[in-house]
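*Asks:* Structure incoming, see below.
Readers should treat all values here as calculations from the given coordinates under stated rules, not as data from a laboratory. In this text the structure is predicted, and so the values were computed from the model without any measurement. Backbone-built Cβ (ideal geometry, glycine too); neighbour counts: all protein chains shown.
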């Protein structure tokens, strides 16, 4: 059971690391969305959504994740995450 917890945590961290390397659209007023299904082995355990928008030279990044892993219909692990970030000149200045 501990191994599965570590696996889910690793998936979450890797998805965050991957998303930090994906550029958002540079045009002001544009909104970019990334919507990922999250899997552990071949089983879907949740979703991770990123939305990036820009206005006045400031990028706003919204992240929401919801993972749930069940063993024999019993929730063994649940992870929910929501964050809002503000970036100016490629520097995060609010979380």
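*Asks:* Sorted by average packing, counted as other Cβ atoms within 10 angstrom per residue and highest first, what order do 41-53, 64-76 take?
*Replies:* Numbers: 41-53: 15.1, 64-76: 12.7.
In decreasing order of mean packing, 41-53, 64-76 become 41-53, 64-76.
*Asks:* Computed FRET efficiency, Cβ-Cβ of residue 62 and residue 39, R0 35 Å: what is it to the nearest 0.05?
*Replies:* So, using R0 = 35 Å, E works out to roughly 0.95.
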